[in-house]
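Every read-out reported here was derived from the displayed coordinates using simple, explicitly stated rules and does not represent laboratory data. Bear in mind that the values here come from a model prediction, so they are computed numbers and not experimental data. FYI the Cβ positions are ideal-geometry reconstructions off the backbone, even for glycines, and counts take in every protein chain you see.
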Amino acid sequence: MLDLLPDLCDEHGDALQVAEPLFQHFGANAIFYGEAVTLSCFEDNSLVRDLVARPGHGRVMVIDGGGSVRRALLGDQLAIKAVDSGWAGFIIHGAVRDVATLNTLALGVKALAACPVKTEKRGMGTEGAVLHFAGVTISPGDFVYADLNGVVVSASRLI
């Protein structure tokens, strides 16, 4: 199956929130989905580093970086740790870097843009926040689905 989201939208229509088409695709997995683990952080990926070290269990880390594309919240080193820990992917309302390497990893990544600048490590951010960006609201435990068509959010597991 190359196009998951059109089928989900046809089958579940009004039960889905469809994110505005703001995101670029990175990572080798064009289709990814899972339970959302939410994180809010601005230009500081300290908590991302902490979370990728935990077992991912096929979940998707959803990060609200405030839409900033001045510093990358995910790069190759953290992405490799995420693969090793079993994360399915990332949806990032912010930037990534090391995109050539990201594109080789068995991971799905949606982000606004690429930026070569790393973040500062100040230990700032909030895990488990309810996030609002791209016209959707994502709560911890929601399910997110992504493919080359975009991103959708469901309150329940569809697959």
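For Gln77, what is the net charge nearby, where nearby means another residue's Cβ is under 12 Å from its Cβ and Lys, Arg count +1, Asp, Glu -1? List each step's numbers first, then the result.
On the way: positive: Arg49, Lys81, Arg97, Lys118; negative: Asp76, Asp84, Asp98.
Surrounding charge for Gln77 is +1.
If you take every residue apart from Pro21 with its C-beta less than 14 Å away from the C-beta of Pro21, what net charge results, scoring Lys and Arg +1 and Asp and Glu -1? Could the numbers behind the result be given before it?
Numbers: positive: Lys110; negative: Glu20, Asp147.
Value of the local net charge: -1.
Please get the size of the charge dipole for the stretch 4-154, origin at its Cα centre, with Cβ charges of +1 on Lys and Arg and -1 on Asp and Glu, quoted in debye to the nearest 20. The partial results should precede the final answer.
Values: 11 positive and 17 negative charges, 147 e Å.
So the dipole magnitude of the stretch 4-154 works out to roughly 700 debye.
As a test of the definition: which semi-axes, in Å, follow for the stretch 1-100 when you take the square root of five times each eigenvalue of its alpha carbon gyration tensor? Largest first, please. Kindly include the intermediate steps, with their values, before the conclusion.
Numbers: eigenvalues 108, 50, 34 Å².
Listed largest to smallest, the semi-axes of the stretch 1-100 are 23, 16, 13 Å.
Could you tell me the relative contact order of the chain? Use alpha-carbon pairs under 8 Å, at least six residues apart, and round to a whole percent. Don't jump to the answer; show the numbers that get you there.
Numbers: 426 pairs, mean separation 55.9, N = 159.
Contact order relative to length: 35 percent.
If I stretch the segment between Asp10 and Val130 completely, what's the gain in nm (0.36 nm per residue apart, minus their alpha carbon distance), one decimal?
Additional length available on full extension: 40.5 nm.
Just from its helices, what would the mean residue ellipticity at 222 nm be for the chain, if runs of 4 or more DSSP H residues each count -39500 (n - 2.57) and the sum is divided by every residue, rounded to the nearest 500 deg cm²/dmol?
Working: 4 runs with 30 residues, N = 159.
So the calculated ellipticity at 222 nm is -5000 deg cm²/dmol.
Could you give the size of the charge dipole of the stretch 29-105 about its Cα centre, using +1 on the Cβ of each K and R and -1 on the Cβ of each D and E, expressed in debye and rounded to the nearest 20? It would help to have the intermediate numbers written out before the result.
On the way: 7 positive and 8 negative charges, 8 e Å.
Dipole about the Cα centre, nearest 20: 40 debye.
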